[in-house]
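Comments concern the structure below.
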Amino acid sequence: MDPEDQFDVIVVGTGLAQSLVAAAHARRGDKVLHVSPSGAYGGALASFTWPEFVALGGEDGKESFAGFSDFEHHGTAEFSDRDARAFAIELCPKLLYCQSAVVDLFSTTGVGRHLDFKLLEGSFIHLNRTGTTGAGAAATERVPASKEDVFSSKTISLMDKRRLMKFFNTNLDPAAAAAAGAEGEEGMETTSFREYLHANDLRDTLEDVFAYGVAMLTGDSSKATASAGLARTRKYLSALGRFGNSPFLASMYGGGSELAQSLCRVAAVYGGVYILGRPIASLTRSGDTWTLGMQLDGPNHPPHAFTAPRVVVDPTVELPGLVTPVESPKIEDEATHMAVLVTRAPVRDDAKLALFVVPPPPTDATAHAVQVLHMCADLRVCPESTYLLHARGTSRADIDRALELLVPKAEDRVHVTHFKYWAARATAAGEGVLVVPAPGAGIDLDDDVVPVIEQWLESTPRKEGEAGEGEERVFLAPLPNPDDEQVINEAQRILDAEGSSSKGE
């Protein structure tokens, strides 16, 4: 076999997880082949123009894409060709906490050097606890997650402000909590987050604020442990102030696909070979070697063979004999209900790029919170004067209720698409295979990236010269800063010129 067709690792799929692994392998000197039957980047986090988006699901809406199915398109929105191409609609958009593993990875390695992010203008919670519809922006309140927000709030009573300040001072800082005699970790695991909040006199509206607006729970707060709720609360609060008065960053230009492309560029710089948009004919194993067959020259020609001792696969890509995406039976309780609402007016004029949370009404024990990411043209995901509201929840009824509460005027809505997401699982067999998990339905990008890094560090053999057993391994070594290199090269040029000048004298 031609040595050019022999690789150290073959990565199948260009989702964020696969692209991350490809970059890590290439950066450490492995010879990487990165392939995908799709010609687009991002996998389940890919973005779509308007014509591509409204075509999802096929004629009956049942045609699936990377775990998304049951599409229902409603509306008569029409856009010019230019505006239709300006859309970059994600089915499961993610956010980055300003203080998070992903932000640290991108900043310390230099991967984020050529990416663009926007700081959200705020997080808001809908405080209409009756559950009635039609309240609109008047019932939304900025999440009071800092002392400044607490003092400036006009809807929180003086007594509740005192309770909040006490909670901030004695519970959210671990050192202060220990000094105040807070329960130990064992107690936190056996106490529910709701019980913990009630023990601190945070009930009703204040409970909603912390359970759903800060800890970002979607289910019943009595089902989450106090330890888990406080960990999520502290993550939210620690992210405030790093880049501004908001805990969240959003990636521009269709986040998931843009992040995946940036990682693919890293792999390509370090020798990664890319073949996209070509069918995969086979993936077989003989001895210690995997052989991938790809149709490079059309169906009437034999597949081209590539080999590697290790393969990394996407659970949403079917590979005959190795990986079969498990999307059936589709258990309704495991589905996340989602919707994309296109509007002509924002929910709030002062927050066109924001996160809205609609807690469940206290009178409905079956309802759950809904998170709505409100996006605008500043993010380069839609045309000017158009807004995208992406909602996710556990039922269609919850989604409909949340959208009705946030956008009560029918004339402001121009299109809505409902769909469901089942995070793909996969069956795999054979040594030398790494099946990275499909993206979850949650909004925190850390939940998708951190497990992949841990999985890679645990399963990938060490190379000669790497850290030994018991020593900390580096997942992705920092990239050279071209600006630093330019300064060095310019300084060297000046020194060389001065040296030549002195010789001439």
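Taking Cα atoms of the stretch 370-421, Rg/Rh with Kirkwood Rh, to two decimals?
In the stretch 370-421, Rg relative to Rh is 0.96.
Counting every Cα pair in the stretch 275-421, what percent are over 24 Å apart?
Distances greater than 24 Å cover 55 percent of the Cα pairs.
Bin width 10 Å, alpha-carbon pairs only: give the P(r) of the stretch 340-406 as whole percents, running from 0 to the bin holding the largest distance.
Bins of 10 Å from zero give 22, 50, 23, 5 percent of pairs.
Using only the alpha carbon atoms of the stretch 5-154, find the Kirkwood hydrodynamic radius as the inverse mean reciprocal pair distance, in angstroms to one decimal.
19.8
So between residue 384 and residue 190, what do we pick up on full extension, going 0.36 nm a residue minus the alpha carbon distance?
64.9 nm
Under the Kirkwood approximation applied to all pairs of distinct alpha-carbon atoms, what is the hydrodynamic radius of the stretch 259-314 in Å?
12.9
So what's the net charge close to residue 59: Lys and Arg +1, Asp and Glu -1, counting the other residues with Cβ under 14 Å from its Cβ?
-3
From the cross-link list 147/420; 118/223; 94/463; 223/420; 118/420; 352/420, which pairs have alpha carbons spaced over 31 Å apart?
Distance filter (> 31 Å) returns 147/420; 118/223; 94/463.
Rounded to two decimal places and with Rh computed the Kirkwood way over Cα pairs, what is Rg over Rh for the stretch 32-93?
When Rh is taken as the Kirkwood radius, the ratio is 1.01.
How much length, in nm to one decimal, is gained on full extension between residue 318 and residue 165, taken as 0.36 nm per residue of separation minus their Cα-Cα distance?
49.8 nm
Taking the simple approach of a point 7 Å from Cα along Cα-to-Cβ for both residue 459 and residue 113, what is their distance in nm?
Result: 3.1 nm between the two label points.
Given a Förster distance of 22 angstrom, what is the FRET efficiency for residue 334 paired with residue 281, based on the Cβ-Cβ distance and rounded to 0.05?
That gives a FRET efficiency of 0.10.
All of the numbers you see were taken from the coordinates with simple rules; none came from a lab. Quick caveat: nothing in here was measured; it's all calculated off a predicted structure. Positions of Cβ are generated from backbone atoms using ideal geometry, with glycine treated the same way; all protein chains shown enter the neighbour counts.
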